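Structure first, then comments.
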Amino acid sequence: CGRAAAAPGVGSTGSGRGPADSVLQKYLQQLWDTVLLVALILCTGVIIQARWQHQDRQPNDNFQVLEPRTDVLRSMSLLKTRPYRQPKRWCGPSPPTDADICAVCLEAFRNNQCLRVLPCLHEYHRDCVDPWLLLQHTCPLCKRSILDAFYSDKSRS
């Protein structure tokens, strides 16, 4: 009545599992254990990476917290400016030297143009270097930070 006869070698009174079923069961158990191990390793890696990123965001005892916009603006306000005065040439007109050219726009300085003097003593057109300093906080030539002088002045007071 809809039931198949028992195959030879498989008893009807047993658990109904033959040697092939137990091998398949062991294989599936090992596969499941492997999947769980891989998931555990991936979760551990994600947790470790999250902790590293969290530690990177935490202020270090040796490092002062930057208030980016205000500190950069205060630092820039402490930088000196001066009007450019073309040096007198005794031997007649000569091409401008590197010291007479703005390294940002690559144009020669002209008399009475306002120059920004950075702590490293490099000079640029104020209108050229100020946008750079707002983004980079470093000298375009030597990469010295303009914030170093600000923080050393801040720590003294």
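The values are calculated or read from the model by the stated rules, or taken from the named source; none is laboratory data. Please read these numbers as outputs of a predicted model, since none were measured by experiment. With ideal geometry, Cβ positions are generated from the backbone for all residues, glycine too; neighbour counts draw on all protein chains shown.
A few comments on the model shown:
Residues checked against (1) at pLDDT 60 or above; (2) surrounded by fewer than 10 Cβ atoms within 10 Å (Cβ to Cβ):
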residue: 10; (1), (2): no, no
residue: 14; (1), (2): no, yes
residue: 23; (1), (2): yes, no
residue: 43; (1), (2): yes, no
residue: 51; (1), (2): yes, no
residue: 59; (1), (2): no, yes
residue: 73; (1), (2): yes, no
residue: 77; (1), (2): yes, yes
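- Hey, residue 129 touching a strand residue (DSSP E or B) at 6+ places or on another chain (Cβ under 8 Å) and either without any contact (Cβ under 8 Å) to a residue 12 or more places away in the chain or crowded, with 18+ Cβ neighbours inside 10 Å (or both) or not: yes
- Test: residue in the range 82-90 that is under 35 Å from the mean Cα position of the chain (by Cα), at pLDDT 75 or above and in the same structural domain as residue 141 (by TED's automatic domain parsing): yes
- Filtered residue count, the range 121-149, keeping only those that are part of a helix (DSSP H, G or I) and within 19 Å of the chain's Cα centre (by Cα): 6
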